[in-house]
Structures are given as C-alpha cells and as structure tokens.
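Peer 1: Could you have a look at this structure, given as structure tokens, before my questions?
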Amino acid sequence: MSQRVNASQCGGVMAELESDNIRDARNNKARSIPGSALIYLKGPKFLIYVSGALSMWGDRMWHFAISVFLIELYGRSLLLTAVFGLVVAGSVLLLGALLGDWVDRNPRNKVAHASLFVQNISVTVCSIVLMLVFSYKQRIEQIWDGWLTVVCYTVVIILADVANLASTALTIAIQRDWIVVITGYNRGHLAGMNATMRRIDQVTNILAPLAVGQVMTLASNVVGCGFILGWNLVSLIVEFFFLSRVYRIVPALSVKPPGVEVDEVYLQRMERRRLQEGNVAQPQPLTEGNCNTRLQLKEITDLPLCFRRFRWLMSTCKDGWRAYYRQPVFLAGMGLAFLYTTVLGFDCITTGYAYTQGISGSLLSLLMGVSAITGLLGTVMFTRLRKTYGLVNTGIISSCLHLGCLLLCVCSVFAPGSPMDLSLLVPDVAANSSELGGMGRQRQKHTYPLGGGSNQPLLPDRSSIHWTNNTVLFDNVPSGTAPESYVSIILLFLGVITARIGLWSFDLTVTQLMQENICESERGVVNGVQSSMNYLMDLLHFIMVISAPQPQHFGILVIISVLFITVGHTMYFLYAHQAKRKSRLNT
C-alpha cells in the first residue's frame, strides 16, 4: 500500500515535472516567435521590401501627378504630356546602356545612394518649381513676354526626366543586382523576393495615385506638390538609412568584380607604356598592323578631351548592345520587350477607348482593381509553377496562358457591339460607296466622343510591363443612345484582365532568367539595354495609336498588338528550346 502511495506520489512528481517541461518548452517557443519576427524585421529582405515600397509609392504618385500638372499648366492640353513622354522614352532609349555601365563600374552603395539622392532631389526641386508656377502663374506669364513660362516648362520636364533616369538606375541596381546577392544566388529565395517586390508594385500601382489624387482634389495642386515634396524628403532619409544598413549586414554586396574604366588617363597610360617599351626593346619591323595600331592610338590621343569623352560614350553604348546580343537569354529578353507593343493593358489608350464605348469611370476603377488582383494571382502562380515545373517551363506555361486569354480580345473585335470599321482607313472608297458609308454610320451609334479628361502620361511603366495607375476617372457616362451591345467590350476587358495572370508570371520568369544567367560584371549594362528595348517597343505602340486614332480603328490595334505579343512569346519558345537542348547535351 505504501509502495503504491510512493509510486503514485513519484508518478505525480514525474507528471508534474513533465508538465513543467512542456510548459517551459511552450514558453520558449512563444518567446522565440517574437524573436524570429524581430530578426526578420531587422534582416535585409524586409529592409529591401520597405525601401522598395517607399520608392515605388513615390514613383507612382509622381508619375500620376506630373501628367495632371502638365495638363493644368498648358490649358488642359496633352501637348506638354506628350513632349514629356517623348523626352523620357528617348532619354532612356539613348542612355540606357550608359546607365547600366555606370551601375557596373561603381560600388553598389555609391550607385544606390547617388541614384536615390538625384531622384528625390530632382522631384523635390521640380515640385518647388511647380508650386511657384501654380501660385504666380499670371505674373510669370507677363515676364519676358511669356518666355519665362516656357523656361519653367522646360525646367520641369528636364528635372522630371532626370528623376526618371535616376529611378531607372536605382531599379537596375536594387531589383536586378542587390536582390541576387542578398539571396545568396539561391533560386528559390530569389523567386520569392522577385514575386514579393512585384506584389508591392501592384498594390502601390493602385493605391498611390488614388492617395495623391484625393489630396489634389480635396485641396489644390499646390498642396499636392507640397505633399509629394514632403514624401520625397522623408522617403530619401528612410531609404538611405535602410539601404546603408542592408549594405553593412550583407558583406557580399561590398564585393564587386572590377570594371575596366577607359578614359583619357587610360589612353595616356597606354601611350606612356608603349613609349617606354619602345626605348628599351628592340625596334620591331614596320608592319601594316603595327602602323595601323599606332596611327589609331595617335589619332585618339590627339583628339580634344570632349571628343575623346564622346567617343568613349559611343563605344560604351555599342559595347552594351553587343553584350546584350551575346547573352544566352537574349531571345527571352527580346520576347519580353515585344510585349510592350500593345494596347491591351490598363493604360490611357484602352481606358479612353472604354470610355467612348459607354463604360463609366466608377466601373473602370473597379476593373482596374480586379486587374490588380489577377496580377497578384500571377505572382503566386509563378512561385508555384517554378517549384513544380522549373523556371523555363514556367515561362512556357505562362506564355500559353497569356496568349489564350488574349484570344478573347481578338474575338471582341468581331463580336456584336464592336465599332471597327475598315472603311474609315480608305476614305475615298467609303465616299464612293453609300453602302459602306451607311454601315459606318450604323457602327458609330454607340461611339461617344472622348471628353476632356483623358490626362494620362505617355510613357511606360519602368518596373513592370503596363501602366495601371495613370487613369483619371471620369465623372459621368456620356449622354446619348446606349450601345447596341456590350458583348465586345465585355470580351475585351475579360481578356485583358485574365491575361494579366500569365503576363506577370511570364514577366517574373524572364526577370529571373536574366538575373541567373547574366554575369555579375555585365548585369547593369545588359539590364540597361533591356530598359531601352522596353521603351523602344512602347514607343511603337503609341505610333500605332497616332496612325489609327479613332475608336473604329481600335480593333486593328488589338490585332496588331496580339501579333506583336505572339512574336514575343515565339522568341521565348525558341529560347526555351535552345536551353533544353543545351541541358540535354550537358547531361
């Protein structure tokens, strides 16, 4: 009996000790959860996410607001906005390779800090100029017979363009280089960071313009400029601190392959070395090769400094495009660039067309929100497909999904309610044919004139494929006869919205392929050339719209856009075939 008591007592002690151990383990686990969360919050990934979110939010606010400001300054005309878009696209097209080369040749912290500083200070100064112009517009117009106003417009466009170039350099540095190093070249972690950055971009794409738009609507343009000014100053400090901390806690960021800096000092050093070798060594026989080499070197060193600089800049651009062409992912990058030549996105062209077809501003805003959700689904699908099928196959699946959804847009061209009328492209034939004229008038029943309010910037999105944040919502649907059928416009937006799943998955696929396959010493220049190609192909789609501006021509633009996208995906299929054949040969 006593033994049982003792046993029961011992068992009770054991049970009590066991329960204490379990309780301690639970407490330790509970304490470790906040500890791990704190470690994550102090880690480089979270700091990069916060810094990227602040930068993207500021970019979205600024690019939305600058288009509205330019229209307000020029009497609600799109002229200044068009000039701004042309300057921005042209500058990146011409200077993309130079920006990338600058990113490659300099330490990572200096590149990030300089780009961040130039971008935010340019926006800040530009905001100050805009505030002065809005506050004293009448007085400024009376100075120098109105030429001071032209000077102000020029300063605003130049500063905004400088800010865009700095933002492009910062995007190349952080999203194409830093992320690769931070993840330790781990493909799974790299895919996760790319997808997270793109999700942040999708969210800010919608929310940032709405925020600054509310400020401008409820207050004034001057207050809107002040809001952007304050945001950029605060963002500059926070981003500078976060990027500096990331650079300190990731030692690999400080290690960078040295770049060859070819300037006048390098040429003079070569000449001095050749002269020294000529004094010591035996004279070489005069050959055609030696003669040509010395003549070329003498020609270069005899040029003035400005010409030598210009020659070096041209050589850098040429070498950058050559480096882009010889990359193993060249076809994939070109395929991504071809996707920019399209009107099938939530940009000013598509939203303006939808407005002429009787779609209200509130419905357009709702559709934009749905498109953002499908874009987020595309980032989730990318991570799942990459784990299951691999990166190259993920691009193939995404391409097929993208093309399949865009077939709905092609069907919308011929569906009931479509305003497409090919007779408008040949007015002489239309004038001689009353039947075609009657058909054209019948088709125009549900086509409304575009009201004054389509004030969107004519420039592409730098960190993604299509603008989704540059639509100023219209207040009311145009009055008049209701459309005969909404089938066409429903098919169009159904295709555009669902296609974004495959679009963003494909975009992330090509982005990671370039991150993984481009050597570290050429990562900046190749991505700079890729940005130039993206802007070039985006300019083509605006040229298409200028050539066929009427709503009745939109169906033709849809078909051309699908053809360009098909060519782009075909290029990727060729790359995938080459990559798979190479992998089979290696195994």
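The values are calculated or read from the model by the stated rules, or taken from the named source; none is laboratory data. Everything numeric here is computed off the predicted structure, so don't read it as measured data. All Cβ positions, even for glycine, are placed from backbone atoms using ideal geometry, and neighbour counts span all protein chains on display. Protein only, heavy atoms only, side chains kept; ligands, DNA and RNA dropped before computing areas. Shrake-Rupley method; radii C 1.70, N 1.55, O 1.52, S 1.80 Å.
Peer 1: Using a 1.4 Å probe on the protein heavy atoms only, what accessible surface does Arg105 show? Give it in Å² to the nearest 10.
Peer 2: Accessible area, nearest 10 Å²: 70 Å².
Peer 1: Still on this structure: Between Val380, Gly358, Gly369, whose Cα lies farthest towards the positive end of the dipole of segment 309-405 when Lys and Arg beta carbons carry +1 and Asp and Glu beta carbons carry -1, centred on the Cα centre?
Peer 2: Farthest along the dipole direction, towards plus: Val380.
Peer 1: Roughly what would the spin-label model give for Glu516 and Asn586, points 7 Å off Cα along C-beta, in nm?
Peer 2: Result for the modelled spin labels: 1.0 nm.
Peer 1: Given Lys110/Lys387; Lys256/Lys387; Lys42/Lys256; Lys45/Lys318, which pairs have Cα atoms separated by over 26 Å?
Peer 2: Lys110/Lys387; Lys256/Lys387; Lys45/Lys318
Peer 1: How much length is gained if the chain between Ala548 and Gln578 is pulled fully straight, taking 0.36 nm per residue apart and subtracting their Cα-Cα distance, in nm to one decimal?
Peer 2: Length difference between fully extended and current span is 7.0 nm.
Peer 1: Sticking with this structure for a sec: How high is the FRET efficiency between Asn186 and Lys318 when r is their beta carbon distance and R₀ equals 41 Å, given to the nearest 0.05?
Peer 2: After rounding, the FRET efficiency stands at 0.70.
Peer 1: How much length is gained if the chain between Ala114 and Glu141 is pulled fully straight, taking 0.36 nm per residue apart and subtracting their Cα-Cα distance, in nm to one decimal?
Peer 2: Stretched fully, the Ala114-Glu141 segment lengthens by 6.2 nm.
Peer 1: Ok, one more. Counting Lys and Arg as +1 and Asp and Glu as -1, what is the net charge of the other residues whose Cβ lies under 14 Å from the Cβ of Gly320?
Peer 2: So the environment of Gly320 carries a net charge of +1.
Peer 1: For the charge dipole of segment 138-240, defined by +1 on Lys and Arg C-beta atoms and -1 on Asp and Glu C-beta atoms about the Cα centroid, which residue among Ala163, Ile228, Val181 has the Cα displaced farthest towards the positive pole?
Peer 2: Farthest towards the positive end: Val181.
Peer 1: Here's another thing I want to ask about it. Count the net charge of all other residues whose Cβ sits under 12 Å from the Cβ of Val246, scoring Lys and Arg as +1 and Asp and Glu as -1.
Peer 2: For residues surrounding Val246, the net value is +4.
Peer 1: Could you tell me which of rounded, prolate or oblate describes segment 148-232, using a ≥ b ≥ c as the square roots of the eigenvalues of the alpha-carbon gyration tensor, with rounded for a/c under 1.5 and, failing that, prolate when a/b is larger than b/c and oblate otherwise?
Peer 2: oblate
Peer 1: Want the number for Phe46 to Phe414: 0.36 nm per residue separation, take away the alpha-carbon distance, what's left? Mind showing how you got there, number by number?
Peer 2: Working: separation 368, 0.36 × 368 = 132.48 nm, distance 4.84 nm.
Result: 127.6 nm gained on full extension.
Peer 1: Ok, one more. Spin-label point model (7 Å from Cα, Cβ direction): what's the Leu210 to Arg248 distance in nm?
Peer 2: With each label point 7 Å from Cα toward Cβ, the separation is 3.8 nm.
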